[in-house]
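Report on the following structure.
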Amino acid sequence: MDFFEADVDQLQQAMAKGDLSAADLTWYYLQQIAQHNYSNTNLHAFITVQDADLLMEQAHQLDRERQQGKIRSCLHGIPVAIKDNIDTGDGMPTTTGSWLLREHRAPDDAHVVKQLRQAGAIVLGKTNLSEWANFRSTASSSGWSSLGGQTRNPYDTTRSTCGSSSGSAVAVSANLVALAIGTETDGSLTMPASTTGIVAIKPTRGLISRDGIIPIARSQDTAGPLARTVRDAVYMLQVMADNDGRDDDSYSDKRDFTDYLDEQGLVGKRIGVVRELTGYHAAVDGIFDQQLPLLEQAGATVVDGLRFPADANWARDEFELLLHEFKQDIAYYLAQTSDTGFNSLEDLIVANSKYADTILPWFGQEMFLLAEARNDELQKQYEAAVRRAKQAAGPDTIDALLKEHNLDLLIAPTSGPAWKIDLINGDNLLGSASSAPAVAGYPHITVPMGFVHQLPVGLSFIGTARSEEKLIAAAYAYEQLSKARRAPGQNLQNRA
């Protein structure tokens, strides 16, 4: 069987017929990683790959269960990758890309990893990321970490993957794994998905537990699925969504999200075009404008020309809440561990400086220093900033546009095409659609919409809180019409 670009349904059908086993599939992806992670295309998508013997033992056990008629879920026997800021209790380190945490091994799985294992998924390894989820420096290069090196875009390895879920996105796009988990605080799922030509779902905050995830800020952090198709991403979302008592913002959602995978999902939808989120790249705007007639042909009503309210400005307040919460939240995470040797952000700052040649060769730790400067005297100021930011991004912007124009959802280009990797000057991000839904804690799905030359760009579907069903229906129906996903170059294809 040709596994390249195979989706979950195709893999499950092959396993059901006996043409494929979980062991075969796991071995295939291990060979793909061996060929393309460090040698050949040198993608640096994975930091750690689980021991092959252990993986094969797990795969054979799942194959035996299948032979006995026990199928745990649609993910039974499917290999997945986990972003390396998410705990696994299987001996693999959880490092957030930092050389300082290279020996940190969590005592147990994060809640979301437990969900995946119970569903029969095989955790193949831990993926590279922008170090500390891109919250260390104001001049960072996305996808670079002191432990994993520079993640590279499979469409052009001289270009960025964006971040911070860089390795997870690349692993899926380059067919090094079937599915992956990433995390987002603001854009860290949707932007790397867009620049590597895949699908990402950033859910409503609280739908997926944050337990066991190295944090940036509790007000915005969430995990989410990355996949090559909307259907596969929804399969993952269905497994990952779970109420968890260890997460104060976790909630129960009894919907079966696969019910909304509807080819007619655009029929009757009223969709707002947010022009506020265009204008930073002419070619991206051109591709985006070509999608609007496609949406209308599929039965949607497109309302163009929308702008954010003039006074809806949450950026400064967002930065303040991120800094304040990071200092507190990282200390809380470190307090739950016993093997890092660090107890606070100040400890990490000192250690980064001590090992600067390894950790700070290209850019500094300005974010760490700004966060460390936060103190208890600023607590009330921080609380006010949280209220203002949430109100501005959610009720005053997304909800206001939806209500004023009687809309189901909003759309915009996800981000621009990948820029050249530049470790000296840092990223060159022109624009993105991530900020408002990230700050509000609202859902956001990106789907491939085309290419600027050889570089993929995505289309964003944005809604109000807990509106995943509308976004999934629209994104899936759009994907079936556009079919814009195109795999990276044939140098990545290693046929079984």
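Tell me, yes or no, whether the stretch 274-282 has at least one residue that is under 23 Å from the mean Cα position of the chain (by Cα), of a type outside the set (Ser, Thr, Tyr) and within 18 Å of Ile398 (Cα to Cα).
Yes, the stretch 274-282 has at least one match.
Here are the criteria: (1) within 21 Å of the chain's Cα centre (by Cα); (2) closer than 24 Å to Ala300 by Cα; (3) not in a helix (DSSP H, G or I). Tell me which single one Leu471 does not satisfy.
Against the list (1) within 21 Å of the chain's Cα centre (by Cα); (2) closer than 24 Å to Ala300 by Cα; (3) not in a helix (DSSP H, G or I), Leu471 comes up short only on (3).
Tally up the residues in the stretch 314-348 that are of a type in the set (A, V, I, L, M) and in contact (Cβ under 8 Å) with a residue 40 or more places away in the chain, please. Even if it seems obvious, please write down each step before you answer.
So the first thing to find is which residues in the stretch 314-348 are of a type in the set (A, V, I, L, M), and the list is 315, 321-323, 330-331, 334-335, 345, 348.
Restricting the remaining residues to those that are in contact (Cβ under 8 Å) with a residue 40 or more places away in the chain gives 315, 321-323, 330, 348.
Looking only at that region, the number is 6.
Taking the residues in the stretch 4-32 that are of a type in the set (Gly, Ala, Ser) and under 27 Å from the mean Cα position of the chain (by Cα) as candidates, determine which candidate is farthest from Ala121 (Cα to Cα).
Taking the stretch 4-32 as the starting set, the residues that turn out to be of a type in the set (Gly, Ala, Ser) are 6, 14, 16, 18, 21-23.
After this cut, where a residue has to be under 27 Å from the mean Cα position of the chain (by Cα) as well, the list is 6, 22-23.
Values: Ala6: 16, Ala22: 10, Ala23: 12 Å.
Selected residue: Ala6.
Only one of these conditions is not met by Leu459: (1) touching a Leu at 6+ places or on another chain (Cβ under 7 Å); (2) outside any loop (DSSP other than H, G, I, E, B). Which number is it?
Unmet for Leu459, out of (1) touching a Leu at 6+ places or on another chain (Cβ under 7 Å); (2) outside any loop (DSSP other than H, G, I, E, B): (1).
With the requirement that a residue be in a loop (DSSP other than H, G, I, E, B) and charged (D, E, K, R), what does the stretch 415-438 give you?
Applying the first criterion (in a loop (DSSP other than H, G, I, E, B)) to the stretch 415-438 yields 416-419, 421-431, 433-434.
Result: Asp422, Asp427.
Thr358 versus (1) polar (S, T, N, Q); (2) free of Cβ contacts under 8 Å to residues at least 60 places away in the same chain; (3) over 24 Å from Ile213 (Cα atoms): which is the lone unmet condition?
Of (1) polar (S, T, N, Q); (2) free of Cβ contacts under 8 Å to residues at least 60 places away in the same chain; (3) over 24 Å from Ile213 (Cα atoms), only one is false for Thr358: (2).
If I filter the stretch 384-393 for residues that are touching a strand residue (DSSP E or B) at 6+ places or on another chain (Cβ under 6 Å) and surrounded by 20 or more Cβ atoms within 10 Å (Cβ to Cβ), do I get at least one hit? Working first, answer last.
Our first condition is that a residue be touching a strand residue (DSSP E or B) at 6+ places or on another chain (Cβ under 6 Å); within the stretch 384-393, this holds for none.
Within the stretch 384-393 (the criterion being touching a strand residue (DSSP E or B) at 6+ places or on another chain (Cβ under 6 Å) and surrounded by 20 or more Cβ atoms within 10 Å (Cβ to Cβ)), the answer is no, since none of the residues qualifies.
Can you name the condition, by its number, that Leu481 falls short on among (1) out of contact with any helix residue (DSSP H, G or I) (no Cβ under 6 Å at 6 or more places or on another chain); (2) at pLDDT 95 or above; (3) surrounded by fewer than 24 Cβ atoms within 10 Å (Cβ to Cβ)?
The single condition Leu481 does not satisfy is (1).
Restricting to the stretch 8-26, give me the number of residues that are crowded, with 17+ Cβ neighbours inside 10 Å and either in contact with a helix residue (DSSP H, G or I) (Cβ under 8 Å, 6 or more places away or on another chain) or aromatic (Phe, Trp, Tyr) (or both).
If we filter the stretch 8-26 for residues that are crowded, with 17+ Cβ neighbours inside 10 Å, which is where we start, we get 8, 11-12, 14-15, 20-26.
Next, only the ones that are either in contact with a helix residue (DSSP H, G or I) (Cβ under 8 Å, 6 or more places away or on another chain) or aromatic (Phe, Trp, Tyr) (or both) stay: 8, 11, 15, 20-23, 25-26.
Number of matching residues: 9.
Check the stretch 329-339 and report whether any residue there is among the acidic types (Asp, Glu), surrounded by 13 or more Cβ atoms within 10 Å (Cβ to Cβ) and either in a helix (DSSP H, G or I) or at positive phi (or both). Before you say what the answer is, go through the steps one by one.
First, the residues of the stretch 329-339 that are among the acidic types (Asp, Glu): 329, 339.
Narrowing further to those that are surrounded by 13 or more Cβ atoms within 10 Å (Cβ to Cβ): 329.
Checking the rest, the ones that are also either in a helix (DSSP H, G or I) or at positive phi (or both) come to 329.
Yes: the stretch 329-339 contains one or more residues that are among the acidic types (Asp, Glu), surrounded by 13 or more Cβ atoms within 10 Å (Cβ to Cβ) and either in a helix (DSSP H, G or I) or at positive phi (or both).
Scan the stretch 34-51 residue by residue and report those that are hydrophobic (A, V, I, L, M, F, W, C) and either touching a His at 6+ places or on another chain (Cβ under 8 Å) or buried (at least 22 other Cβ atoms within 10 Å of the Cβ) (or both).
Here is the first cut: in the stretch 34-51, the residues hydrophobic (A, V, I, L, M, F, W, C) are 34, 43, 45-47, 49.
Hits for the stretch 34-51 are Leu43, Ala45, Phe46, Ile47.
Has the stretch 292-305 got any residue that is closer than 29 Å to Ser219 by Cβ and surrounded by 13 or more Cβ atoms within 10 Å (Cβ to Cβ)? Before you say what the answer is, go through the steps one by one.
From the stretch 292-305, those closer than 29 Å to Ser219 by Cβ are none; that's our starting set.
Checked against the condition, which is being closer than 29 Å to Ser219 by Cβ and surrounded by 13 or more Cβ atoms within 10 Å (Cβ to Cβ), the stretch 292-305 yields no hits at all.
Limited to the stretch 171-215, what total is found for residues that are of a type in the set (Lys, Arg) and in contact with a His (Cβ under 6 Å, 6 or more places away or on another chain)? First the steps, then the outcome.
As a first pass, look at the stretch 171-215 and keep what is of a type in the set (Lys, Arg): 202, 205, 210.
Within this subset, residues satisfying the condition of being in contact with a His (Cβ under 6 Å, 6 or more places away or on another chain) are 202.
Residues that pass the stated criteria total 1.
Given the criteria under 30 Å from Ala300 (Cα atoms), under 13 Å from the mean Cα position of the chain (by Cα), buried (at least 20 other Cβ atoms within 10 Å of the Cβ) and β-branched (Val, Ile, Thr), does Val230 qualify? Spell out the reasoning first.
Working: under 30 Å from Ala300 (Cα atoms): yes; under 13 Å from the mean Cα position of the chain (by Cα): no; buried (at least 20 other Cβ atoms within 10 Å of the Cβ): yes; β-branched (Val, Ile, Thr): yes.
No, not satisfied.
Regarding Gly265, is this residue buried (at least 19 other Cβ atoms within 10 Å of the Cβ), out of contact with any strand residue (DSSP E or B) (no Cβ under 7 Å at 6 or more places or on another chain) and at pLDDT 95 or above?
yes
Please identify the pairs in which a residue from the stretch 285-309 that is of a type in the set (Val, Ile, Thr) has its Cβ atom under 6 Å from the Cβ atom of a residue that is surrounded by fewer than 16 Cβ atoms within 10 Å (Cβ to Cβ) and assigned to a helix (DSSP H, G or I), counting only partners at least 6 apart or on another chain.
Val302/Leu292; Val302/Glu296
Go through the stretch 145-179 residue by residue and tally those that are within 17 Å of Ile214 (Cα to Cα) and hydrophobic (A, V, I, L, M, F, W, C).
Number satisfying all stated conditions: 1.
Looking for whichever is touching a helix residue (DSSP H, G or I) at 6+ places or on another chain (Cβ under 7 Å) and surrounded by fewer than 22 Cβ atoms within 10 Å (Cβ to Cβ) here; the options are Val439, Val452. Which one fits?
Numbers: Val439 fails: surrounded by fewer than 22 Cβ atoms within 10 Å (Cβ to Cβ).
None of the others qualify; the one that does is Val452.
Do you know which of the residues in the stretch 117-134 that are outside any strand (DSSP E or B) and either crowded, with 24+ Cβ neighbours inside 10 Å or among the hydroxyl-bearing types (Ser, Thr, Tyr) (or both) is farthest from the chain's Cα centre (by Cα)?
Ala121
Output the number of residues of the stretch 21-49 satisfying the condition of being touching a residue at least 60 places away in the same chain (Cβ under 8 Å) and not in a helix (DSSP H, G or I).
Initially, the stretch 21-49 is screened for residues touching a residue at least 60 places away in the same chain (Cβ under 8 Å), giving 22, 24-26, 28-33, 35-37, 40-49.
Subset that is not in a helix (DSSP H, G or I): 37, 40-49.
Final tally of qualifying residues: 11.
For Asp156, all conditions in the list (1) in contact with a strand residue (DSSP E or B) (Cβ under 7 Å, 6 or more places away or on another chain); (2) surrounded by 24 or more Cβ atoms within 10 Å (Cβ to Cβ); (3) over 27 Å from Met56 (Cα atoms) hold save one; what is the number of the exception?
Asp156 satisfies all of (1) in contact with a strand residue (DSSP E or B) (Cβ under 7 Å, 6 or more places away or on another chain); (2) surrounded by 24 or more Cβ atoms within 10 Å (Cβ to Cβ); (3) over 27 Å from Met56 (Cα atoms) except (2).
Consider Tyr382 carefully, then state whether it is farther than 28 Å from Pro93 by Cβ, of a type in the set (Phe, Trp, Tyr) and either over 26 Å from the mean Cα position of the chain (by Cα) or at pLDDT below 95 (or both). Show your work before the answer.
Values: farther than 28 Å from Pro93 by Cβ: yes; of a type in the set (Phe, Trp, Tyr): yes; either over 26 Å from the mean Cα position of the chain (by Cα) or at pLDDT below 95 (or both): yes.
For Tyr382, the condition - farther than 28 Å from Pro93 by Cβ, of a type in the set (Phe, Trp, Tyr) and either over 26 Å from the mean Cα position of the chain (by Cα) or at pLDDT below 95 (or both) - is met.
Taking into account only those residues within the stretch 381-413 that are among the polar types (S, T, N, Q) and part of a helix (DSSP H, G or I), which is farthest from Thr464 (Cα to Cα)? Outline the logic, then answer.
Looking only at the stretch 381-413, we keep the residues that are among the polar types (S, T, N, Q), and these are 381, 391, 397, 406.
Then keep just the ones that are part of a helix (DSSP H, G or I); that gives 381, 391, 397.
Working: Gln381: 27, Gln391: 13, Thr397: 10 Å.
Among those that are among the polar types (S, T, N, Q) and part of a helix (DSSP H, G or I), it is Gln381.
The values are calculated or read from the model by the stated rules, or taken from the named source; none is laboratory data. Note that the structure is predicted; figures quoted are calculated from it, not measured. All Cβ positions, even for glycine, are placed from backbone atoms using ideal geometry, and neighbour counts span all protein chains on display.
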